[in-house]
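The values are calculated or read from the model by the stated rules, or taken from the named source; none is laboratory data. Values in this document were obtained by computation on a predicted structure and should not be read as measured data. Cβ placement follows ideal geometry from the backbone for every residue including glycine, while neighbour counts extend to all protein chains displayed.
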């Protein structure tokens, strides 16, 4: 199954809801007037694109249909998809980053409790191993008793090395040891798992900043990436999380999990539009290989049920 088909399958629930709503409004040829745009705005807001993004999409329809009496359903879908793809591309590209000048590539992974962060790290490790890169996982979640063991299982599945220390150890100290070990052993990639924390907890966010300071002090430029894992099911709450994490820990990219389990797939667009954060990867299933590159064109085409082109 190709990338487009996998993203399309992952967006099935979102697309089914949006598809029905749009078809009810613009079946056949329609006049794009304010009454239609108001109803369309309601539909867009229902799948969590957010008000500013909805308004931008409607303005694109006004612009593209100017001087025309009517437009076809296919044209309207195409115009919407074109604008969605543009919004996503403005935020940056998907997929993992290129190799840094020096090894290892240091990636700090953050997020709130329950988003599937540790599982996601295991899948990211698997992707890097498939590319032939050596990977070390560093278990900086020292609060949750089962966290280290869970990460160890994923390390074995992915064929990666792991550094785990005792429960209750200082997370920043673990990060320090992990980076030194990855450097000494010549690993290509070091992935740092962190404890899930609510974005509203000031003391826990300060701990995250401490981990970043330690990594940066020991290796200039590190962490090269800070990825925020978001659960697509949370909808607009995901945007609130992204705002706070971006403010506190300089997030460089988003990984969206459980995209296949929700009709709120529009949150991807809202985050890209407001925060200009690229979606690096998306989870479209439970399997170890179900974490795939995010492609803005494929996402936009599949969202509006277009097959080969957004035009």
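In table form, for the structure just shown:
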read-out: Of all residues making up region 132-141, the number that are touching a helix residue (DSSP H, G or I) at 6+ places or on another chain (Cβ under 7 Å) and farther than 10 Å from residue 193 by Cβ; value: 2
read-out: Top-ranked residue in region 128-143 [being assigned to a helix (DSSP H, G or I) and in contact with a strand residue (DSSP E or B) (Cβ under 7 Å, 6 or more places away or on another chain); ranked as farthest from residue 279 (Cα to Cα)]; value: 129
read-out: Filter result for residue 174 (closer than 24 Å to residue 245 by Cβ, in contact (Cβ under 8 Å) with a residue 40 or more places away in the chain, in contact with a strand residue (DSSP E or B) (Cβ under 8 Å, 6 or more places away or on another chain) and crowded, with 20+ Cβ neighbours inside 10 Å); value: no
read-out: Condition met for residue 147 (surrounded by fewer than 22 Cβ atoms within 10 Å (Cβ to Cβ), at pLDDT below 90 and under 22 Å from residue 283 (Cα atoms)); value: yes
read-out: All strands (runs of 3 or more DSSP E) inside region 234-311 with 1 or more residues being surrounded by fewer than 23 Cβ atoms within 10 Å (Cβ to Cβ), touching a helix residue (DSSP H, G or I) at 6+ places or on another chain (Cβ under 7 Å) and modelled with pLDDT of 85 or more; value: 291-293
read-out: Answer residue from region 93-109, given it is surrounded by fewer than 16 Cβ atoms within 10 Å (Cβ to Cβ) and either part of a strand (DSSP E or B) or out of contact with any strand residue (DSSP E or B) (no Cβ under 7 Å at 6 or more places or on another chain) (or both) and is modelled with the lowest pLDDT among those; value: 98
read-out: In region 150-163, residue farthest from residue 288 (Cα to Cα) [restricted to those that are touching a strand residue (DSSP E or B) at 6+ places or on another chain (Cβ under 6 Å) and surrounded by fewer than 21 Cβ atoms within 10 Å (Cβ to Cβ)]; value: 161
read-out: Residue count for region 210-233, restricted to those that are farther than 22 Å from residue 89 by Cβ, at pLDDT below 90 and in a helix (DSSP H, G or I); value: 1
read-out: Test for residue 115: is it touching a strand residue (DSSP E or B) at 6+ places or on another chain (Cβ under 8 Å), at pLDDT 85 or above and not in a strand (DSSP E or B); value: yes
read-out: Of all residues making up region 184-224, the number that are surrounded by 18 or more Cβ atoms within 10 Å (Cβ to Cβ) and touching a residue at least 60 places away in the same chain (Cβ under 8 Å); value: 19
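Yes/no per residue for (1) touching a helix residue (DSSP H, G or I) at 6+ places or on another chain (Cβ under 7 Å); (2) part of a helix (DSSP H, G or I); (3) within 14 Å of residue 119 (Cβ to Cβ):
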position: 145; (1), (2), (3): no, no, no
position: 157; (1), (2), (3): yes, yes, yes
position: 162; (1), (2), (3): yes, no, no
position: 178; (1), (2), (3): no, yes, no
position: 181; (1), (2), (3): no, yes, no
